[in-house]
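The values are calculated or read from the model by the stated rules, or taken from the named source; none is laboratory data. Bear in mind the structure is a predicted one, so any value in this text is a computation, not a measurement. Positions of Cβ are backbone-derived with ideal geometry, glycine not excepted, and every protein chain shown enters the neighbour counts. To get the accessible areas, we keep the full protein, side chains included, count just its heavy atoms, and leave off ligands, DNA and RNA. Shrake-Rupley method; radii C 1.70, N 1.55, O 1.52, S 1.80 Å.
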Amino acid sequence: MPVLFWTDILIFVLVAVVTAFFFYARRREHLRAPWRQVSRSGVAMGSVVVLAFYATVALLDSLHFRPVLGDRGEDGRVQYAHEVLSVFDLLATSIRTRDEKTYSAPFAAFLYAKETVELPDGRQERRYPRLRHGGSHLQNPDEDKIGDIIATSVFASVKGLLVWSGSCTVLLLLLAGRTRKNLGVVFEDVTRGRTHTRWRSILVTLGFLLVVSFVAADLSAKYHILGTDKVGEDVFYQTLKSIRTGLVIGTLTTLVMLPFAILLGIMAGYFRGWVDDVIQYVYTTLSSIPGVLLIAAAVLILQVYLDNHAEQFASVAERADLRLLFLCLILGVTSWTSLCRYLRGETLKLREIDYIQAAEALGVRHFSIISRHILPNVMHIVLITVVLDFSGLVLAEAVLSYVQIGVDPTMNSWGNMINSARLEMAREPIVWWSLFAAFVFMFTLVLSANLFSDALRDAFDPRMRRQP
Amino acid sequence: MNDNVLLSVSGLSTHVGIGAQPIRAVDGVSFDLKRGETFALLGESGCGKSMTALSLMRLLPASGRIVAGAVRLGSRNLLKLSEVEMRRVRGGGMTMIFQEPMTSLNPVLPVGTQIAEALRLHAESAGGGSRQRVLELLRAVRIPDPDRRIDEYPHQLSGGMKQRVMVAIALAGNPELLIADEPTTALDVTIQAQVLDLMRHLQKERGMAIFLITHDLGVVAEMAHRIAVMYAGEIVEQADRSSFFSRPMHPYSRKLFDSLPTLSRREQRLKVIKGDVPALQHRFTGCRFASRCDHVMPMCWRQPPTWHAADAEQKVLCHLYGTQTHTPQFSGSVNGGGDRPSLEPDRSVVEPLLEVDALRVHFPIRKGVFKRTVGQVRAVDGVDLDLGRGRTLALVGESGCGKTTVGKGILQLVRPTSGSVRYEDTELTRLAYSGLRRRRSDLQIIFQDPFSSMNPRMLVGDIISEGMKALGLTATPAQRRQKMERLLRQVSLPGDSAGRYPHEFSGGQRQRISIARALAVEPRLIICDEPTSALDISVQAQILNLLRELQQQAGISYIFITHNMSVVSYIADEIAVMYLGRIVEKGEVVDILRAPQHPYTQALLSAIPALDPATKRAVIRLQGDIPSPSNPPSGCHFHPRCPQAMAICRQSYPRRVRLDDRRYVSCHLFDADAGQQ
């Protein structure tokens, strides 16, 4: 039975909006031109592939459902499990269900803690016991492990490369069909980087990602490649699940703040006078309150509400989801001020420009002037801010969860992983892999988002536009 | 080489842009510049003037490069020097000043420091950057009160003073050659006269040569000893001043003269140069001007023309002069039309369309947390105007005098502080938003800058039909499309324009789109805010012809806001001269141009560079700049600059004196009660 969480709905709305904009912009030259410049940047296109990889995981993880239970109920109707799963969970069943007892290091075959084990001869000894799943196929882990890892990796790489060359061929054929060129010519164009869109960087990044994911998938079927946490859950699975949380915070927050920022910013700049004064005072006041305070207060109040009304929610996941959505809302409310200020300034400038004056002289109504003349001409600022804010918000989630006013503790998120790592790092011997996993995945996401936004700003910001 | 030649340029070619088809911005330019003379390079925008100057200085943009030729300053070929040696030549041997004084100075350093820096770079002796030398230079460029100005920052100086500081910096290295790239284009006429006068004076004093780049025939006539006309990357005519102005030889030069609007051409259409400047990407097989020339011959298409010397001073690059059998016949003389129309003003009574009475637009200056009003910028301070049906009123004055604000105040784009604007029987100032919208179609505006006056993200078709849609003038989209096609034909734009974006059009074409947009709502009055000042002379002629035609066909009235007197003399019926928010003189155009009464009008007219030295009035030099409208001088606003100021001028603002039924002037000189005249 499909289950729709609030954040799922909003994510799919966002996807629909982006797709609609894509088709709208395709037919308009002035909207296409800057995007085409972005596509000429190799770094940006590489980042896009990485971001697309993250987005795919997050989208798969946003298709929630309750699985069918094997036995039918008394009245013969299909029974559904209480637990809510996502399509991604289904794909990752093998690593999701293979729990260990407690900590184990990456690629370990033994637990990270000593246990008292009864030997066949009846003696008891304290030693590291074998893991239930990680490396359990090996007879003699100490000797066979390295060889097994290498063999599995090589085999998986070959699979990855095969898939990659298959997708390359399909792409080259498509390109050749579209440009009506010889396949050999297209191949040369792509490898020399002479195409308009930087297919070369796309394909190289794609190849790298494919190989890495195949290797990771094959290895994680046999080992816990990023270890396990305190309750024995696979860290690799946790960090993959955290992707959705990070992306939801990064995108939905902007979705929340955009209406505020755009509406108020443009109104302040366009109508001036007392409207401007009121809006200015509102955002000046709001931005003087420390954001963390506001967020802490709001989140704690919500938590009290959730605890007192537990019966309203069908599942734990639903409660956690509501808290996530609320966090997006409150982050949005505290972060719209800077965009609003930019937009007000830009609108003040645009308002005096001749074509706005001409429209006014032609008797065009305020609403049409704003929607037809001002909004399209400030959209580049909105876009640049949204993309730049994205990485900041992903990092903000980590910080907020670390101080425990972020997402629900039951929800997988990089912030929660870092929070639990606080104790793990203090342990002797230390458990470093949770923090490491969160760091690597967050770093990759934020880095590619930042590289992409740099290219985007170069293309969209008129002040940075170079002479052709 | 002749000792007298300072700078010798031969076969200079500069390409801009990379790839297979670079733009040949300068294509084989050769000329000699003698010591102590002013050599003017004349041409329209995009013909390669500035690129020539930048090539001489070797300051080309990153994508530009000199591909051939030699530039000799004295005995040295500048193109062979290393960058280090070249840096010594710049500023020392020759130096350059630019069009825009606002952006040429560093805003965070006092001007004295910036001049001292230039002095330190070039002065050989120790103590080159001393305050004494800086003050000397400031005095040399006639900056009043140099002791105070030396420590001021650029924003505290007016445009004219900034340009003088630029000249001072240029003089720091004692250059033999000053390259001036449109040095006065951004300045007002009275300030332009001051700067040009200064340059002439410095030239005489220091024996410096000036390489003057301009598009303004008047400036050329005032300044130049010799002239080169540039067209599409090459020089097409070289002559000394008197031969050039009495007998321009190249068809292009003649066309430039013919397209100048003047009083005597009022009754005719202005001559225009058909077509556009050709793209400079490809090589030319024949004459570059052939496609636009009225005298084109078959051979013009086939082979490039060669130089023909008319006499020692004048030579031209044109086939017309090569064939002995054919002597070119041009109609008309340079300074006037063939048959002189009657220039008597039309005294017939016209119905009034618009009456403006005591219009005031003040902008409050606010300060502090509570935005208390601490003062007023009196941009418009009591302006009276009236305009008849089908008439044209020119509102003239220097920048900052409030002309544009009057226009916006009439349209209620800026709500007036007080006063009345009566259009037919409606008082516009009292109309609320919706009432005003119903009147919007009657009054329209055309702006100066053809680039900022259209939303770059809208199709031309949408831009033109926006007003029709907003005001619900046409019922169906089909009607709208029909009307739009008619409008495009009317302003002679290609029929497929509607589906294109504004950036695909040239400046003149964009101005036509603006006109079409205004016409779409069938206005009775159009306020033209400097509609031609961003355009070249030949394009200006096209726009003026179009406006004139529309007036004759549809009886539209214009309020023409401009500082260009030659445009005024061509198109206007009446003139109102503004100074610091008030009208100082108003009357029929012929009366005012022939016999200006107010000292400011006289000075304004005398400052305009004249083409024909014979008709040149004695220049009345105005001191200083326009005062700030937030703090106007007491009494008559003009008295601090007025050469004829009297005691009473400091005390009271003069009342309006009627000279005849159409003419008045606000000056104590004409006020019988003030006991003068």
(request) Measure off 7 Å from each Cα along the Cα-to-Cβ vector at residue A:20 and residue A:187, then give the distance between these two points in nanometres to one decimal. (result) 4.4 nm
(message) Could you tell me which residue out of A:84, B:668, A:254 lies farthest along the dipole of the protein assembly as shown toward its positive end? Charges go on the beta carbon: Lys and Arg +1, Asp and Glu -1, centred on the Cα centre.
(response) B:668
(request) Report the full-extension gain for the segment residue B:35 to residue B:85: residue separation times 0.36 nm, less the Cα-Cα distance, to one decimal in nm. (result) 15.8 nm
(request) Take each uninterrupted DSSP H stretch in chain B, measure its Cα extent along the helix axis, and return the ones at 24 Å or beyond whose mean Kyte-Doolittle hydropathy is at least -1.0. (result) B:189-206, B:537-554
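If you take each beta carbon of peptide A:368-381 and count the beta carbons of other chains within 10 angstrom, what is the mean? Display every interim value, and only then the final one.
Details: counts 3, 2, 0, 0, 6, 4, 1, 1, 4, 3, 0, 1, 0, 0.
Counting other chains' Cβ atoms within 10 Å and averaging over A:368-381 gives 2.
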(request) Evaluate 2.2 N^0.38 Å with N set to the residue count of the stretch A:235-450, then give the Cα radius of gyration divided by it. (result) 1.23
(request) Please work out the C-alpha center-to-center distance from the stretch B:589-608 to the stretch B:526-578 and express it in whole Å. (result) 19 Å
(request) Using only alpha carbon pairs under 8 Å that are at least six residues apart, calculate the relative contact order of chain A and give it in whole percent. (result) 20 percent
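Roughly speaking, what is the stretch gain from residue B:500 to residue B:70, that is 0.36 nm per residue apart minus the C-alpha to C-alpha distance, in nm to one decimal?
Values: separation 430, 0.36 × 430 = 154.80 nm, distance 4.35 nm.
So the chain would gain 150.4 nm between residue B:500 and residue B:70.
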(message) Let's test the formula: R0 of 51 Å, r as the Cβ-Cβ distance of residue A:212 and residue A:307. What FRET efficiency results, to the nearest 0.05?
(response) 0.80
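Checking the a/c ratio against 1.5 first, then a/b against b/c, what shape does the Cα gyration tensor give for the stretch A:105-222?
Note, shape of the stretch A:105-222 comes out prolate.
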(request) Please tell me the relative contact order of chain B in percent, rounded to the nearest whole number, where contacts are Cα pairs under 8 Å and at least six residues apart. (result) 12 percent
(request) Over the stretch B:22-82, consider all pairs of different Cα atoms and compute the Kirkwood hydrodynamic radius from their mean reciprocal separation; express it in Å, one decimal. (result) 12.9 Å
(message) Can you compute log10 of I(q)/I(0) for the stretch B:193-270 with the Debye formula, treating each Cα as one identical point scatterer, at q = 0.12, 0.13, 0.25, 0.27 Å⁻¹?
(response) -0.42, -0.49, -1.24, -1.32
(message) How large is the accessible surface of residue B:65 in square angstrom, using a 1.4 angstrom probe and rounding to the nearest 10?
(response) 90 Å²
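Please list A:110, A:313 in order of solvent-accessible area, largest first, computed with a 1.4 Å probe with all protein chains present. Could you put the intermediate results ahead of the total?
Numbers: A:110 70, A:313 35 Å².
Final ranking, largest accessible area leading: A:110, A:313.
Enter the accessible area per residue of the stretch B:596-677 (Å², integer; probe 1.4 Å; all protein chains in place).
On the way: 4050 Å² over 82 residues.
That works out to 49 Å² for each residue.
Tell me the per residue accessible area of the stretch A:105-222 using a 1.4 Å probe; a whole number in Å² is fine.
Numbers: 7440 Å² over 118 residues.
For the stretch A:105-222, the solvent-accessible area averages 63 Å² per residue.
If you rank B:408, A:222, B:586 by how much accessible surface each has, with a 1.4 Å probe, what is the order from largest down?
On the way: B:408 35, A:222 65, B:586 10 Å².
Sorted by accessible area, descending: A:222, B:408, B:586.
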(request) Could you bin all the Cα-Cα distances of the stretch B:596-677 into 5 Å bins starting at 0 and give me the percent of pairs in each, rounded to whole numbers? (result) 3, 14, 21, 22, 18, 14, 6, 2, 0
(request) Rounded to the nearest Å, what's the spacing between the alpha carbon centres of the stretch A:32-89 and the stretch B:444-496? Just the number, please. (result) 48 Å
(message) Longer than 25 Å from Cα to Cα, which of B:34/B:315; A:349/B:367; A:101/A:159 are they? Say none if no pair is.
(response) A:101/A:159
(request) With θ set to phi - 60°, apply the Karplus curve 6.51 cos²θ - 1.76 cosθ + 1.60 along the stretch B:146-151 and write out the HN-Hα couplings as whole Hz, x wherever there is a Gly or Pro. (result) x, 4, 7, 5, 4, 9
(request) Please report the base-10 log of the normalised intensity I(q)/I(0) for chain B, using a Debye sum with one equal scatterer per alpha carbon and no solvent, at each q in 0.05, 0.09, 0.11, 0.12 (1/Å). (result) -0.26, -0.88, -1.29, -1.47
(request) Return the carbon/sulfur percentage of the accessible area of the stretch A:105-222, one whole number, probe 1.4 Å, all protein chains in place. (result) 61 percent
(request) Check each residue of the stretch B:445-480 and keep those whose accessible area, probe 1.4 Å, is at least 30 Å² smaller with all protein chains in place than in the chain alone; give them in order of residue number. (result) B:447, B:452, B:455, B:457, B:458, B:466, B:470
(request) Enumerate the amide H contacts of residue B:652 below 5 Å, restricted to partners 5 or more residues apart or on another chain; note that Pro and chain-start residues carry no placed amide H. (result) B:636
(request) Before rounding to the nearest 500, sum -39500 (n - 2.57) across all DSSP H runs of length at least 4 in chain A and divide by the residue total; then give [θ] at 222 nm in deg cm²/dmol. (result) -23500 deg cm²/dmol
(request) Rank A:182, A:161, A:131 by how far each Cα sits towards the positive end of the charge dipole of the stretch A:105-222 (+1 on Lys, Arg Cβ; -1 on Asp, Glu Cβ) and give me just the farthest. (result) A:182
(request) With all protein chains present, calculate the accessible area of residue A:99 using a 1.4 Å probe and round the result to the nearest 10 Å². (result) 60 Å²
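Ignoring ligands, DNA and RNA, how much accessible area is buried between chains B and A, both sides summed, with a 1.4 Å probe, to the nearest 100 Å²? Intermediate results must be reported in sequence, preceding the final value.
Values: alone 29290 and 25200 Å², together 52150 Å².
So the buried area, both faces added, is about 2300 Å².
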(request) Return the residues of the stretch B:515-539 for which accessible area with all protein chains present is lower than in the chain on its own by 10 Å² or more; set the probe to 1.4 Å and exclude ligands, DNA and RNA. (result) B:517
(request) Determine how large the accessible area of residue A:65 is when every protein chain is in place; take a 1.4 Å probe and give Å² rounded to the nearest 10. (result) 40 Å²
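What is the magnitude of the charge dipole of chain B about its Cα centre, with +1 placed on the Cβ of each Lys and Arg, -1 on the Cβ of each Asp and Glu, and no other charges, expressed in debye to the nearest 20? Kindly include the intermediate steps, with their values, before the conclusion.
Values: 84 positive and 68 negative charges, 254 e Å.
Computed charge dipole of chain B: roughly 1220 debye.
Give me the dipole magnitude in Debye, nearest 20, for the stretch B:596-677 about the Cα centre, with unit charges on the beta carbon: positive for Lys and Arg, negative for Asp and Glu.
Working: 10 positive and 6 negative charges, 10 e Å.
Approximately 40 debye in magnitude.
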(request) Would you mind computing, in nm to one decimal, how far apart the modelled labels at residue B:425 and residue A:428 are, each placed 7 Å from Cα along Cα→Cβ? (result) 10.1 nm
(message) Explain nothing, just compute: Karplus ³J(HN,Hα) = 6.51 cos²θ - 1.76 cosθ + 1.60, θ = phi - 60°, for every residue of the stretch B:572-587 in order, whole Hz, x for Gly and Pro.
(response) 8, 9, 10, 10, 10, 9, 10, 9, 6, x, 10, 8, 9, 7, 9, x
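Given the alpha-carbon gyration tensor of the stretch B:529-636, what are the semi-axes of its equivalent ellipsoid in whole angstrom, ordered largest first, with each equal to the square root of 5 times an eigenvalue?
Numbers: eigenvalues 138, 65, 40 Å².
They are 26, 18, 14 Å, listed largest first.
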(request) Using a 1.4 angstrom probe, figure out how much accessible area the stretch A:235-450 has per residue, in square angstrom, rounded to the nearest whole. (result) 41 Å²
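I'd like the carbon and sulfur percentage of the solvent accessible area for the stretch A:275-352, probe radius 1.4 Å, heavy atoms only, ligands and nucleic acids excluded. Walk me through the numbers on the way to the answer.
Details: 2580 of 3820 Å².
Its accessible area is 68 percent carbon and sulfur atoms.
Scanning chain A for helices, which whole DSSP H stretches are 20 Å or more long along the axis (Cα) and average -0.5 or more by Kyte-Doolittle? Walk me through the intermediate numbers first.
Numbers: long enough: A:6-26 (30 Å, 1.83); A:42-60 (27 Å, 2.14); A:141-179 (56 Å, 0.82); A:199-222 (35 Å, 1.46); A:235-271 (53 Å, 1.38); A:273-288 (23 Å, 0.22); A:291-308 (26 Å, 1.88); A:316-351 (50 Å, 0.52); A:375-402 (39 Å, 1.64); A:433-460 (40 Å, 1.29).
Helix filter hits for chain A: A:6-26, A:42-60, A:141-179, A:199-222, A:235-271, A:273-288, A:291-308, A:316-351, A:375-402, A:433-460.
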(request) Enumerate the amide H contacts of residue B:445 below 5 Å, restricted to partners 5 or more residues apart or on another chain; note that Pro and chain-start residues carry no placed amide H. (result) B:527
(message) Using only the Cα atoms of the stretch A:1-115, what are the Rg and Dmax in Å?
(response) 21.8, 68
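Please work out whether the protein assembly as shown counts as rounded, prolate or oblate from its C-alpha gyration tensor, where a ≥ b ≥ c are the square roots of the eigenvalues and a/c under 1.5 means rounded, while otherwise a/b larger than b/c means prolate and anything else oblate?
Prolate, because a/c is 1.5 or more and a/b exceeds b/c.
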(message) So for the stretch A:235-450, averaging the separation of alpha carbon pairs under 8 Å that are six or more residues apart and normalising by length, what relative contact order in percent results?
(response) 32 percent
(message) Positive end of the dipole of the protein assembly as shown, charges at C-beta (+1 Lys, Arg; -1 Asp, Glu), about the Cα centre: which of A:385, A:227, B:74 has its Cα farthest in that direction?
(response) B:74
(request) Quick one: check the C-alpha center-to-center distance for the stretch B:355-383 versus the stretch B:624-639, whole angstrom. (result) 16 Å
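Which order do you get for A:457, B:35 if you rank them by accessible area with a 1.4 Å probe, largest at the top? Before the final figure, lay out each step's value.
Working: A:457 75, B:35 110 Å².
Greatest to least solvent exposure: B:35, A:457.
Whole number please: convex hull volume per residue of the Cα set in chain A, in Å³? Write down the numbers at each step before the final one.
Values: hull volume 103.9 nm³, N = 468.
Measuring per residue, one finds 222 Å³ for the Cα hull of chain A.
Which percent of the accessible heavy-atom area of the stretch B:528-612 goes to carbon and sulfur, probe 1.4 angstrom?
Details: 780 of 1780 Å².
That share works out to 44 percent.
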(request) Return the long-range amide H neighbours of residue B:659 (sequence gap of 5 or more, or a different chain), with a cut-off of under 5 Å between placed amide H atoms. (result) B:664, B:665
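Let me know the charge dipole size of chain A about its Cα centre in debye, to the nearest 20, where only the beta-carbon of Lys, Arg (+1) and Asp, Glu (-1) is charged.
Numbers: 46 positive and 42 negative charges, 422 e Å.
Using only the charged Cβ atoms, the result is roughly 2020 debye.
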(request) Please work out whether the stretch A:155-306 counts as rounded, prolate or oblate from its C-alpha gyration tensor, where a ≥ b ≥ c are the square roots of the eigenvalues and a/c under 1.5 means rounded, while otherwise a/b larger than b/c means prolate and anything else oblate? (result) oblate
